[in-house]
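To start, the structure under review is shown below, and the notes come after it.
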Amino acid sequence: MDYLLQTMVAGLMLGGVYALVAVGLNLIFGVVKIINFAHGELVMAGMYLTWWLWSAWNMNPYVSLVIVTPVMFLAGIAIQKFILSPMQNSSPTMKIFVTLGLSVFLQNLALWMFGGQFRAVNFPWAEQNLSLLGINVTYGRLTAFIVALALVLALFYLMKRTLVGKVLNALVEDRETAGLIGIPVKKYYLAAMGIGISLAGIAGTLIIPFQAAYPLVGAHFTLLAFVVVVLGGLGNMAGSLLGGLILGIVETLAGTYVDPALQQVAVFVVFIIVLIVRPQGIFGGSARNAEVGLK
Amino acid sequence: MGNSLLSVENVTKRFGGIQAVGGVSLELGHQEIIGIIGPNGAGKTSFFNLLSGMFIPDTGKVTFDGKDITGTDPATRARMGVGRTFQVVRPFKGMSVAENVMVPLLVNDPGVSKAHRKAMELLGDLGIAQLADTPTEALTLAQRKRVEVARALATEPKLLLLDEVLAGLNSREVIDVLPFVTTVRDRGVSILMIEHIVSAVMEVSDRMMVLDHGKVLAVGDPQTVIKDPKVIEAYLGSDEEE
Amino acid sequence: MKKLSLPWIIIPTTVALLLPLFLRDQYFLHISVLILIYTGVTVAWNIMSFGGVLSLGHAAFFGIGAYTVSILYVDYGVNPWLGILAAIIFAAVGSLVLAIPLLRLRGPFFTLATLAYVEVLRLLAIWAVPVTNGSVGITTPPTQGLAYISFESRQPYYYIALAFTLAAIAISIWIYRSKLGYHLRAVATDEDAVRALGVRTNRVKLGSLLISAGMTGAFGAFAALYFFVIEPDTQFSATLYSIQPALNGIIGGMGTIAGPIVGAIIMTPLGEWLRVTFSGASQGVNFMIYGAVLIIIVRLMPGGLVEGFRAIARKTRRGGKGRGGKRSADAKTTKEGE
Amino acid sequence: MSPTERGFNRRSFLRYSGAGLLALAAAPALASCASRGTDATTLRLGAMYPVSGTNALLGEESWRGVQIATDLRNAGGGVAGKQIEMVFADVPDVNTAASEARRLVFNKNIKLGFGTYSSSLALAATEVFARTGNAYVELGAVSEAVTTRGYDKVFRLNPTAADMTGLHMDFIQNYLAGALGKPVKDLRVMMLHEDSSYGQSIVSLAKAAADKIGLQHFEAEPYSAKSTDLSSTVLRMKSQEPDIVLAVSYAADAVLLGRQIRDNNVKLGAFVGTGGGHSLASFQKALGDAADGVFDVDFTQIHVNRDFTPGIEDFISEYHKRWNAEPASGHSLSNFTGAQMLFDILETTGGNDDPEVFAAAARKYHREAGTSAAGWGYELDAQNQNQQGSMYVMQWSGSKLETVYPPEAAVRAPKLITPFGL
Amino acid sequence: MLEVMNISAYYGDAQALEDVTLSLPAHGVTAFLGPNAAGKSTTLRVVSGLIPAATGTIEFEGRDITGTSPQERVAMGIVHVPEGRRLFNTMTVEDNLILGGYTKRKDRKTAARLDEIYDHFPKLAERRKQEAGLMSGGEQQMCAVGRGMMAGPKVLMIDEMSLGLAPVIVKQMFAIVKGIAATGMSVLLVEQHVKNALEVADFGTIIDGGITRATGTAAELRESDVVRESYLGH
């Protein structure tokens, strides 16, 4: 029972980070209607940036969010402006491949700049253990979970309460009408990319105290984030949060009680089953997915 | 009418809270043309979808050529002889007119060259042989509509469902396309056609059916139907409150 | 219907057949074999894209083919030629796992399912050590001879690969021009309309999946014999055998006959050249350039090279004969607007 | 012209021939950089290491050792008066390894190749060299299969997976059992291994090795090296309460495993890493003091009995000069040593790299243990496997990975410390 | 105020409009009539800038706006309430309305404008926190019109307002629209219910087959045969 509880908690912590990565991916997907295959690589970029700030300037990783967030926001805007925006009218397939190209580029840019060496931030505070009722969690993982959760909730708040958020919501639902009522759609694409990618970068910062950065670390997150997004429903941010948590728990449970070598298999099997049984996601997705080729 | 080709008994279809088709019945005889009119959102296309198998009705029964086809899929119905066109014509991209027509002709596997020959024959019959090699992307709307009809005819239907083949055409083009419909009927095909241009439908229909809010408002001789006050009201709006 | 213009098939084929007689350099032939393998997989991949489906799952079929032939050969002593036949069958059967997603999902959902399938197979191949020998992989025996598809010289490999690839191209042309091809191409535009014409679209899509997977399995099997060694991370590598063929096809022109051939012929040597030229200099630079080239090509020629050439040809023709006029100009705007 | 034949009209011929021309231009461009291989003044050898992809980290580290050996040798006059030139190939995956091996053999006229760090890559590369009648010397891969396929010109200078598991058991029997105060048969030992060819090669031999010393409670459990979370593995470990954990890890997963053991408060008697990640300086950096006490079975590391490893200082200072850092792991040192031995053998052939001549010389060559920078000796067995290369047990102490076992190579005695700061 | 002169337009490469001319006065209701697929919706989309005019010009307050973007046109005061309402279904009524006022967001009068809309549509005030997609058709249409009005339009173009609504609701809506027009804006009403439309309208234009067939005051058109002909063909 103890183990079950500890397993669930470990899964939950993991799931919080998945949710953060996935929410950014889902926002980009919902608003810009692009399936971003480079999303994991942007998590990786956040990790490297944090590591660099820590190793060169001895900056507290959590403080470095002050830098990582705006830098990744700008990176998102640049990607949208120079790579994706000119392809707005291309087929979804072409957009997929341009982001694939970006992911290959970023992976190898990291390899070129930092080598294959894995880069870890050794931040003692994050490694202290919080022990409660026999369940252990480090501050690093707990912080990642809490900040991830807080950010996702903040994003919900933004989407519900602020004008920018309402506009983004409107774009998720129906971008043609949004344009029709006078919303400068392209400007908000930039905003969505900026927010989505800064969330990926923040996830990178939160992860690095317990997960080393290396060039291929992002690839893993991309596919998982897709699983979460599909699980929770395309364009459904709350779904992504729940999807992330569920996936984290599924992964650890399968690893603990079935076979650690098969924990990823369990994740993808769940993914394929959900795709077949409920392609709109467990919690339902937004309408108008036809733009990315969905009906 | 025991010897009718198509017999629809009280079919209904709901989507969420909206009743798209609410208890429509209809008998269609051999080589008969029935025009279906009604305001936007009256359930005409939904009715067609129930006939062609795109939707399965919630209640009611569809009998075609003596067989109950209520639950069958579109491909099966097409093979039995129910052909249809779509309101928004979507010719197959990257394929020529002849190739578009060959798609249904190949269903019974006559071989590609034979299918091509048959397609050319059919296009010749319909007077558009000169378009055979044109990619469909390069056609005018009127031409596309004709290709759509040709494609439906290539399934060798006994019943053809025409969904607004005249919509979007100018009056010249309408005059061009109309004789098409009678030509088809003369080949032995029964036709249900949805149209908005009432004058045009009247010209070719044996009977007319008017749908409004998913229900049959009137059915019968075109001249009678068109003078029915209920029909005029549905179209032009009421003078008085109901 | 007009006949194929034979010269345009015969000439390239003849050139390909005679090539090894003039260019005996073994490395050149090796690169040619690589090009042929990639052309074959891309052509096989493209059969699904006739129907407008984007699969990133072909590494699964490639890997199944590779493992089938190797396991049968090494563990059961089955002759590789029979092994290739078995590989075709196993790959096709293995593709049936994707049948349900194929029939139920559209667009990126299906694409993601295929990608996940590759990942599942890769992990299973690593895990199932007793069957697959896990990450260490399987090495096929060095016994040489035509019966074992193992030679010292590259020439026989080249001709076998050429035979396979020409067969794949022939099958792809045949399908394109057959009932199945017509129905697939129609499905690519509008599945509902095709169904209303009496076509059983599920069978059509399944057919393309089985044929495409089987062909890919054959190339996976041949490649396993050609490279001698297989292991999960390579044979089930989405990058190498899912994304790369798709990329070739897309860069050449998805859903056309010539597109995948052109794409594979250009992209394979490019990747090799970049690695040879830059990998010694600094880690990762070659792939960085590859990624950048990819972004640039996809951005500049969204319809693929074949479409790009076609547009250029159209322009020259229109300029030359003054034909085309407004209608085709409009047609072009539509394309871009879609 | 009907669109049916779109694939085959005049324009498409232009396309075909255009693409054909491009290919014809590209392939000779690749072929044209052909070189003549070894000649009177230059000894050209093929070096194959993965410096991109999954294995980039330790592949690069291995390649560094070779570069140092080459430069030192060339500065000292080369091999039999010939300068050594390395023809390098990056081999991120097995198909590329096979492909690049062909480039080296056919295009670069390489007669003698070496490398490769990873076992599956080594298998692919050696198959090509062996089947084309050329020679290949493995300096890093540990899988037994590299030398058990019966190829007479495939050599391996480094110790193998069997040496590793042998040393594991030796260390348990001769030190850990005593230190933990339990007889071997009562010890609970768990082997955690990542699932690449490295981990799987080792685990495949571990069970037999455990039986051999009478270890009755031995469990092996795989995990994915690409995993970003090892909670499950650690929780299973916790539930089994092993006395000793033998871990076979790559890089990031070694750190992750260590951290999660610490975070979950799993108290172990001893933790023995096995090469790869547990030897890396960055492992210690990432874990800090928590790394103290972790044992590690691997190739020779730099904190070793210097009397036993003549030449190691040169290596370390040269490494510093070139990369301004400590060697990241022992991989550079072992490949450095292997390359030096390779050069020494070639010295005896007068710089002749003809496969037959080299093979004969390689079989004849001999060297005592304790005479090379890695402390290895040289003596081939019937399968061309070096019998005198050995593994050592190291232990983390501060930022140093100090050799503690066997005594002849040790700088100090092992100390039993509960690992990961618990 | 708004002059649409001889425009033509294509959907893809199919010609949807051939020659449409339309003139709107500074206030009052103009009915825009014609059978299905006559080109009414397409005309509106050209006027709001969603699809470009192939030929012809659009002038607004004396200025040529043919080449401007949809956003600029909304900011100028040309607002299009699309067919089928196209509300943001998962958002509340009030959020829909607020988004409607996007182009005027900086004038700090959002609250006042909301009040104004709620005055016109008391139903919406009751439902302000309700998810738009869960309301009845009539309420949704109110919300759509309200959303359009939030942009402070000078020209409000409403496409197929009465589509799928019960006759009672249609009557109510017409009355409200008339009220709106009385506040000094020009309303263009695309309608199928000809008689009803011409009753509330001051002016009317009839198109068919992508060509303007007749233009005049509502009274003139009520008497004209063109209407009956284009609908019922006799």
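The values are calculated or read from the model by the stated rules, or taken from the named source; none is laboratory data. Keep in mind that what you see is a predicted model, and the values were worked out from it rather than measured. Every residue, glycine as well, gets a Cβ built from its backbone with ideal geometry; the counts of neighbours run over all protein chains shown. Only protein heavy atoms, including side chains, enter the accessible area calculation; ligands, DNA and RNA are left aside. Shrake-Rupley method; radii C 1.70, N 1.55, O 1.52, S 1.80 Å.
Legend: calculated FRET efficiency, D:ASP71 to C:THR143, from the Cβ-Cβ distance at R0 = 25 Å, rounded to 0.05, equals 0.05. Buried area at the B:D interface is about 300 square angstrom, summed over both chains, from accessible surfaces computed with a 1.4 angstrom probe. Its Kirkwood hydrodynamic radius, worked out from the mean inverse distance over all distinct Cα pairs, puts region E:2-232 at 17.7 Å. For region C:23-237, the fraction of alpha-carbon pairs lying more than 30 Å apart is 24 percent, rounded to a whole number. Note on chain A: Kirkwood hydrodynamic radius from all Cα pairs is 19.3 Å, rounded to one decimal.
Mean residue ellipticity, 222 nm, helices only, the protein assembly as shown: the sum of -39500 (n - 2.57) across DSSP H runs of n ≥ 4, divided by residue count and rounded to 500, is -16500 deg cm²/dmol.
Listed by chain and number, the aspartates and glutamates whose C-alpha is less than 14 Å from the C-alpha of B:LYS145, apart from same-chain residues fewer than 8 away, are B:GLU137, B:ASP163, B:GLU164, B:GLU173, B:ASP176, B:GLU195, E:ASP13. For chain D, the solvent-accessible area with a 1.4 angstrom probe is 30 square angstrom per residue.
Label positions at B:HIS30 and B:GLN130, each projected 7 Å from the Cα along the C-beta direction, are separated by 3.8 nm. Modelled this way, with points 7 Å down the Cα-to-C-beta line, the labels at E:LYS106 and D:ASP186 are 8.2 nm from one another.
Rolling a 1.4 Å probe over the heavy atoms of the protein chains gives region B:93-138 an accessible area of 38 Å² per residue.
Its residue count N fixes a reference of 2.2 N^0.38 Å for chain D, and the Cα radius of gyration divided by that reference is 1.08. Share of carbon and sulfur in the accessible area of region E:2-232 stands at 51%, probe radius 1.4 Å. For the protein assembly as shown, the alpha-carbon coordinates run over 117, 73, 61 Å along the three principal axes, in decreasing order.
Round to a whole number: what % of the accessible area of chain B belongs to carbon and sulfur, probe 1.4 Å?
In chain B, the share of accessible area belonging to carbon and sulfur is 50 percent.
Cross-link check: pairs A:LYS33/A:LYS160; D:LYS108/D:LYS321; E:LYS40/E:LYS171; A:LYS33/E:LYS40; A:LYS81/A:LYS160 evaluated at a Cα-Cα cut-off of 28 Å; pairs beyond the cut-off: D:LYS108/D:LYS321; A:LYS33/E:LYS40.
Considering only protein heavy atoms and a probe of 1.4 Å, how much of the accessible area of region C:23-237 is carbon and sulfur, as a whole percent?
On region C:23-237, the fraction of accessible area on carbon and sulfur atoms equals 68 percent.
If both residues of a DSSP beta bridge must be in the protein assembly as shown, then about 45% of such bridges are antiparallel. The Cα trace of region B:78-180 gives Rg and Dmax of 12.8, 40 Å, the first to one decimal, the second as a whole number. With 20 Å² as the minimum drop in accessible area between chain alone and full protein complex (1.4 Å probe), the qualifying residues in region D:175-197 are D:ASP195, D:SER197. Under the membrane-span-like helix rule (DSSP H runs whose alpha carbons stretch at least 20 Å along the helix axis, mean Kyte-Doolittle hydropathy 1.6 or higher), chain A yields A:2-32, A:217-232, A:263-277. Ranked by the mean number of other Cβ atoms within 10 Å of their residues, highest first, the peptides A:9-16, C:80-87 come out as A:9-16, C:80-87.
Report for chain D the percent antiparallel among DSSP-assigned beta bridges with both residues inside it, nearest 5. Here the antiparallel bridges make up roughly 25 percent for chain D. Using the 1.4 Å probe convention, the accessible area of chain E works out to 37 Å² per residue with neighbouring protein chains retained. Give the distance, in whole Å, between the Cα centre of region D:98-167 and the Cα centre of region C:128-149. Between the Cα centre of region D:98-167 and that of region C:128-149, the gap is 16 Å. To the nearest Å, what is the center-to-center distance of region D:281-343 and region E:15-53, using C-alpha atoms only? Each part's Cα centre sits 80 Å from the other's. Within straight-line reach of D:LYS212, meaning a Cα separation under 17 Å, sit the following lysines at least 8 residues removed in sequence or on another chain: D:LYS185. Counts of other chain beta carbons within 10 angstrom of each beta carbon in peptide E:62-73 average 2. This model, with +1 at the C-beta of Lys and Arg and -1 at the C-beta of Asp and Glu, gives chain D a dipole about its Cα centre of some 1100 debye.
Suppose R0 equals 25 Å. What FRET efficiency, 1/(1 + (r/R0)^6) with r the Cβ-Cβ distance, do A:ALA56 and D:SER317 give to the nearest 0.05?
Values: r = 26 Å, r/R0 = 1.05.
Efficiency, from the Cβ-Cβ distance: 0.45.
State which helices in chain D qualify, where a helix is a whole DSSP H run, it must extend 30 Å or more along its own axis by its Cα atoms, and its mean Kyte-Doolittle hydropathy must be at least -1.0. Helix filter hits for chain D: D:10-32. A straight Cα-to-Cα reach below 27 Å connects D:LYS111 with the lysines D:LYS82, D:LYS153, D:LYS364, residues fewer than 8 places away in its own chain not being considered.
Sorted from longest to shortest, the spans of the Cα atoms of region B:1-151 along the three principal axes equal 45, 32, 25 Å.
Shielding value for B:104-117 is 4, the average number of Cβ atoms from other chains within 10 Å of each residue's Cβ. Helix C:304-321 and the long axis of chain C differ in direction by around 30°, with both axes built from C-alpha atoms. Taken as entire DSSP H runs, the helices of chain B that both span 15 Å or more between Cα atoms along their own long axis and average -1.0 or more on the Kyte-Doolittle scale are B:112-125, B:141-153, B:171-186.
Interface between chains B and E: roughly 2300 Å² of accessible area buried, both sides summed (probe 1.4 Å, protein heavy atoms only). Using a 1.4 angstrom probe on protein heavy atoms only, the contact between C and A buries about 3900 square angstrom of accessible area, both sides summed. Interface burial in region A:113-129, defined as at least 30 Å² less accessible area with all protein chains than with the chain alone at a 1.4 Å probe, covers A:GLY116, A:GLN117, A:PHE118, A:ALA120, A:ASN122, A:GLU127, A:ASN129. Bridge orientation summary for region E:2-232: considering DSSP beta bridges with both residues in this region, about 50 percent are antiparallel.
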